[in-house]
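Taking it in order: structure first as structure tokens, then the write-up.
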Amino acid sequence: MIEAEQLTKRFGGRAVVDDVTFRCEPGTVTGFLGPNGAGKTTTMRMICGFSTPDSGRAGVLGGEYRRLPNPGRRVGVLLDASAQHGGRRGREALAISAQTMGVDEKRVDDLLGLVGLEKSAARKRVRQYSLGMRQRLGIANALIGEPEVLILDEPANGLDPEGMRWMRGLLRDFAERGGTVLLSSHLLHEVDAIADRLVIIGSGKIVAEGSKEELLSDSGTLVRADDGEALGRALAGAGLAARESEGGGFLVDAEPRAVGAAAQGGGVALVHLAPAGDAGLEQLFFDLTTDNGSEGDK
Amino acid sequence: MSAHAIDPNEMTTAAPAGRDRKPGLARLAKVELRKAADTRSGFWLLLGVVGLTLVAVFITALLAHEDQRTFNHILSNGLQPVGILLPVVGILLVSSEWSQRTALVSFALVPERARLLVAKLLGGIVLALVATAIALVLSVLGTAISSNSASDHWSLPLGLFLQDIVYVVTAMIVGVGFGAALQSSAPAIVLYFVLPVAFAALGSIHALSGVIDWISTEALEPLTTEVMSGHQWAQALVALALWMGIPLAIGLWRLTQRDVG
């Protein structure tokens, strides 16, 4: 379990993390989503005791991270995949962590296999690793102590589509066994593919939170017509709040039924009418993060 | 590639057996010792120290003036690379956690940062003692092959040997201190070499020379060359307290007070 309670951190008077509260329960994969500079990393660093909150508190497994006697055996942490000594071999980096937390070094080879780093790659120095390989090494490092909680900052950054599928499988499996996962990303499609709960942060504030279904059901209807202008008039005529969607067409704050009726009323032929789903989530993310989720925009 | 490898069920609610056992200092020191040698730079630096010790020992044993070809003198020269270059390994042991950003991994596993610094000091001290042992063995070999007609050329006063150990161990502690205080490899290494020279230079100012005798690292030079007098010890101890104490105190303060960058 991971908890953040009214967590606040200021740098030079500016609140980088502002009154952030959320919880991650065992058995779930929570995606921590926000643009670069939104406060994701600072929040995760406070959870792991690297940074002291100015107010509020953060905890893991019911207590402060720093209180854990041997944290690697309870919580797997990957705060920055590039934070490894370039002159050290990949396998050795894992062996050091294993030795620090008192885990049998044999487990290192199991993990190298699990994250798909071949023997030849494991022998290379980390300096020669691609970002994707560093991410895999970082995930292996987080898993060495057989933790029950995983805290991963931008773990999908640098992974190819196959790598993303692999990570999704790995984290889902981890959660299904009762583990708790918090992973951050600045890309919606990454989090969307991996997480089942979302916490969206913009300018240091939580702007939306919930299961994917909850957020999707809020996201309205996506409708398209060849004659966009006519459709716009028809929607306005029916009194429906609509915005142009990023991908063309309109996002409407209403059920598909009402939107269809409005189009019929305006005599417009539709080419697409469906719950907005992912497109809506994208728009939601875009709106929430660009204008700090000001009220009435949703 | 077993699914078991990531089974979080093994640790259900409370901490399962053995998982909440704090890593002992001895284990952490062993890890630090390993970290000093398992990187490319660390490995070559250590090899360089051994190589220079070898060179210093055999040049003294074979080429020095005959009355200098004593075990005691050969060892004194052989320890110079250990006293001068090995502390750089100590510096890197701490500063590379920032320069290479491994602090994010190290402190995640050992959140008590002061404890990690103590482990680094212990690891560094062990390294200094091992290097001393190597210098000792090489000096024995060097003395054996050097020709010296004097009968007492094997003598090494116990006091001087203990001073040798004080010399290398304290040099290592100063190195770790500089690494901890500056948290950055290049400035720490530069200052580690430049500051002693600067202090020695200040000693040439007549008005300051009395004070400088007590705080410059020149007070440490007799450690490997002669059995020191009480006055020399007093000067050396004052200098050591400053050169070890101030960087370590700054390092400890920065480590515990500030957010890890």
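The values are calculated or read from the model by the stated rules, or taken from the named source; none is laboratory data. Note that the coordinates shown come from a computational prediction; the quantities given were computed from them, not determined experimentally. Cβ: placed from backbone, ideal geometry, glycine included. Neighbour counts: every protein chain shown.
Miscellaneous remarks
- Looking only at residues in the stretch B:226-261 that are within 19 Å of the chain's Cα centre (by Cα) and not hydrophobic (A, V, I, L, M, F, W, C), the one that is farthest from the other protein chains (Cβ to nearest Cβ) is B:Gly245.
- Count - residues of the stretch B:120-137 that are more than 13 Å from B:Met172 (Cα to Cα) and buried (at least 21 other Cβ atoms within 10 Å of the Cβ): 1
- Count of the stretch A:10-27 residues, restricted to those that are outside any strand (DSSP E or B) and closer than 14 Å to A:Glu209 by Cα, is 1.
- Subset of the stretch B:58-71 [of a type outside the set (Val, Ile, Thr) and surrounded by fewer than 23 Cβ atoms within 10 Å (Cβ to Cβ)]: B:Phe58, B:Leu62, B:Leu63, B:Ala64, B:His65, B:Glu66, B:Asp67, B:Gln68, B:Arg69, B:Phe71
- In the stretch B:100-111 there is no residue that is surrounded by fewer than 19 Cβ atoms within 10 Å (Cβ to Cβ) and either more than 14 Å from chain A (Cβ to nearest Cβ) or in a helix (DSSP H, G or I) (or both).
- Filter result for the condition that a residue is part of a helix (DSSP H, G or I), more than 22 Å from B:Ala181 (Cβ to Cβ), away from chain A (no Cβ under 14 Å) and within 13 Å of the chain's Cα centre (by Cα), over B:Thr143, B:Thr132: B:Thr132
- Top-ranked residue of the stretch A:108-118 - restricted to ones that are more than 7 Å from every other protein chain (Cβ to nearest Cβ) and either surrounded by fewer than 19 Cβ atoms within 10 Å (Cβ to Cβ) or out of contact with any helix residue (DSSP H, G or I) (no Cβ under 7 Å at 6 or more places or on another chain) (or both), ranked as farthest from A:Ile144 (Cα to Cα): A:Glu118
- Selection within the stretch A:54-74 - touching a residue at least 24 places away in the same chain (Cβ under 8 Å), surrounded by fewer than 21 Cβ atoms within 10 Å (Cβ to Cβ) and closer than 23 Å to A:Phe11 by Cα: A:Asp54, A:Ser55, A:Gly56, A:Arg57, A:Gly59
- Matching option when the condition is crowded, with 18+ Cβ neighbours inside 10 Å and modelled with pLDDT of 90 or more, among A:Glu148, A:Glu190: A:Glu148
- Elements of the type helices (runs of 4 or more DSSP H) sitting completely within the stretch A:179-292 and holding at least 3 residues that are hydrophobic (A, V, I, L, M, F, W, C) and within 14 Å of chain B (Cβ to nearest Cβ): there are none.
- Residue count for the stretch B:114-166 under the criterion of being within 15 Å of B:Ala36 (Cβ to Cβ) and among the small types (Gly, Ala, Ser): the result is 5.
- Scanning the stretch B:196-240 for residues that are over 23 Å from B:Leu160 (Cα atoms) and assigned to a loop (DSSP other than H, G, I, E, B) turns up B:Gly203, B:Ser204, B:Ile205.
- Check on B:Ala188, assigned to a helix (DSSP H, G or I), crowded, with 19+ Cβ neighbours inside 10 Å, at pLDDT 95 or above and among the small types (Gly, Ala, Ser): yes
- A:Val77 under 20 Å from the mean Cα position of the chain (by Cα) and crowded, with 23+ Cβ neighbours inside 10 Å: yes
- Test: residue in the stretch B:204-225 that is in contact (Cβ under 8 Å) with a residue 60 or more places away in the chain, over 18 Å from the mean Cα position of the chain (by Cα) and more than 29 Å from B:Arg254 (Cβ to Cβ): yes
- Helices (runs of 4 or more DSSP H) lying entirely in the stretch B:1-96 (those with 3 or more residues that are among the aliphatic types (A, V, I, L, M) and at pLDDT 95 or above): B:25-37, B:40-63
- Among residues of the stretch A:129-161 being without any contact (Cβ under 8 Å) to a residue 40 or more places away in the chain and part of a helix (DSSP H, G or I), the one that is nearest to the other protein chains (Cβ to nearest Cβ) is A:Arg136.
- Conditions (1) more than 22 Å from A:Leu183 (Cβ to Cβ); (2) facing chain B (nearest Cβ under 9 Å); (3) among the hydroxyl-bearing types (Ser, Thr, Tyr); number of the one not met by A:Ser82: (1)
- So B:Ser216, is it of a type in the set (Gly, Ala, Ser) and over 19 Å from B:Leu93 (Cβ atoms): yes
- Residue check: A:Arg88 meets all listed conditions (1) at the interface with another protein chain (Cβ under 7 Å from one of its Cβ atoms); (2) without any contact (Cβ under 8 Å) to a residue 24 or more places away in the chain; (3) not aliphatic (A, V, I, L, M) but one, namely (2).
- Selection within the stretch A:28-39 - of a type in the set (S, T, N, Q) and either within 14 Å of chain B (Cβ to nearest Cβ) or outside any loop (DSSP other than H, G, I, E, B) (or both): A:Thr28, A:Thr30
- Test: residue in the stretch B:76-86 that is of a type in the set (Val, Ile, Thr), more than 16 Å from B:Pro23 (Cα to Cα) and away from chain A (no Cβ under 14 Å): yes
- Qualifying residue in the stretch B:48-57 (condition: buried (at least 24 other Cβ atoms within 10 Å of the Cβ), away from every other protein chain (no Cβ under 14 Å) and under 16 Å from B:Trp154 (Cα atoms)): yes
- Yes/no for A:Val103 being under 13 Å from A:Leu143 (Cβ atoms), more than 8 Å from chain B (Cβ to nearest Cβ), of a type outside the set (Gly, Ala, Ser) and touching a residue at least 40 places away in the same chain (Cβ under 8 Å): yes
Table: residues versus (1) facing chain B (nearest Cβ under 8 Å); (2) in contact with a helix residue (DSSP H, G or I) (Cβ under 7 Å, 6 or more places away or on another chain); (3) part of a loop (DSSP other than H, G, I, E, B); (4) among the hydroxyl-bearing types (Ser, Thr, Tyr).
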position: A:Thr41; (1), (2), (3), (4): no, no, no, yes
position: A:Gly56; (1), (2), (3), (4): no, no, no, no
position: A:Gly59; (1), (2), (3), (4): no, no, no, no
position: A:Gly76; (1), (2), (3), (4): no, yes, no, no
